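For reference, the structure discussed in these notes is given below.
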Amino acid sequence: MEREDSSEEEEEEIDDEEIERRRGMMRQRAQERKNEEMEVMEVEDEGRSGEESESESEYEEYTDSEEEMEPRLKPVFIRKKDRVTVKEREAEALKQKELEQEAKRMAVERRKYTLKIVEEETKKELEENKRSLAALDALNTDDENDEEEYEAWKVRELKRIKRDREDREVLEKEKAEIERMRNLTEEERRAELRANGKVITNKAVKGKYKFLQKYYHRGAFFMDEDEEVYKRDFSAPTLEDHFNKTILPKVMQVKNFGRSGRTKYTHLVDQDTTSFDSAWGQECAQNTKFFKQKAAGVRDVFERPSAKKRKTT
């Protein structure tokens, strides 16, 4: 039994030593591998630095070669007479100086001419003033009657004062009439307008226009006084309006046919799409009640808009 125990202990010691030896070998291999990796990295770094230096040298050589390969201008021989020499530069400077002197001379001449014109105009004005003064001195006013002139002036001044007073009275009457009409109620205003109708001056007879006849307005100025010329019939046809255009084809029954400014439509009635046979157009008790009581814009009674106060309770 003791031998067996001792053999087991020896085997365990051998196993521990084997394990320690193996661990040491593994550490050594790892260290060697690490050293190899470090050497490889150093070699790679040296190679990269060498490549960079080589690339820089190649770039410098390439730029030098590019500068050498740039196109150069071909030397051209210029004859002596065609060369810009010192004499030519002196001649050009002399010519420029002469031009400046000429410009100064022209400016002086223009100034003299302007002063001469101003002097002549001044002399003319002085002569005209002298002639006008001489004419005033020669005017004889001894034979005029100052009293008659004063009386005539008084008459003119009185007429002017009377005219201004009448204008002010008319304006005040108009303001008073407007204020009176504003203070009337709706029924009183209607009765007033029926009793005192508007006086229309130069009232002309409204004639009948032909189909596609051109319209002319008689004007709105100078209508405050009756004149026979404003009472003429302005609806009478003229020029091409004497022709009956209803006999023309339908396509030609437009204004300015064949021109760029021709019209597309003739009149609004021709384009009216109202259906008079619809239920809204029928004259019955229901439609009449609706239009008189509820329809907007067609009721018989129109209330004047006013600011209504809210009812407070």
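The values are calculated or read from the model by the stated rules, or taken from the named source; none is laboratory data. From a predicted model like this one, the values you see are computed outputs, not experimental measurements. Positions of Cβ are backbone-derived with ideal geometry, glycine not excepted, and every protein chain shown enters the neighbour counts. The area values use the complete protein model at the heavy-atom level, side chains included, leaving out ligands, DNA and RNA. Shrake-Rupley method; radii C 1.70, N 1.55, O 1.52, S 1.80 Å.
Does the range 1-52 hold any residues that are modelled with pLDDT under 65 and among the hydrophobic types (A, V, I, L, M, F, W, C), and which are they? If the condition is that a residue be modelled with pLDDT under 65 and among the hydrophobic types (A, V, I, L, M, F, W, C), then Met1 is the only one that fits. For Phe234, the criteria (1) open to solvent by 100 Å² or more (accessible area, probe 1.4 Å); (2) under 30 Å from Gln271 (Cα atoms); (3) hydrophobic (A, V, I, L, M, F, W, C) hold in every case but one, which is (1). Among the numbered criteria (1) under 40 Å from the mean Cα position of the chain (by Cα); (2) of a type in the set (S, T, N, Q); (3) surrounded by fewer than 10 Cβ atoms within 10 Å (Cβ to Cβ), which one does Thr263 miss? The failed condition is (3). Does any residue of the range 224-242 turn out to be touching a Lys or Arg at 6+ places or on another chain (Cβ under 7 Å) and modelled with pLDDT under 80? No, the conditions are met nowhere in the range 224-242. Within the range 173-212, the set of residues being part of a loop (DSSP other than H, G, I, E, B), open to solvent by 100 Å² or more (accessible area, probe 1.4 Å) and not aliphatic (A, V, I, L, M) comprises Lys198, Lys203, Lys206, Lys208.
Only one of the numbered conditions (1) open to solvent by 60 Å² or more (accessible area, probe 1.4 Å); (2) not in a loop (DSSP other than H, G, I, E, B) is violated by Tyr215, and that is (2). Of everything in the range 237-259 that is without any contact (Cβ under 8 Å) to a residue 12 or more places away in the chain and assigned to a loop (DSSP other than H, G, I, E, B), the residue that is most open to solvent (accessible area, probe 1.4 Å) is Arg259. The residue pairs whose first member lies in the range 120-136 and is without any contact (Cβ under 8 Å) to a residue 24 or more places away in the chain, whose second member is surrounded by 10 or more Cβ atoms within 10 Å (Cβ to Cβ) and assigned to a helix (DSSP H, G or I), and whose beta carbons are closer than 9 Å, counting only pairs six or more residues apart or on different chains, do not exist in this structure.
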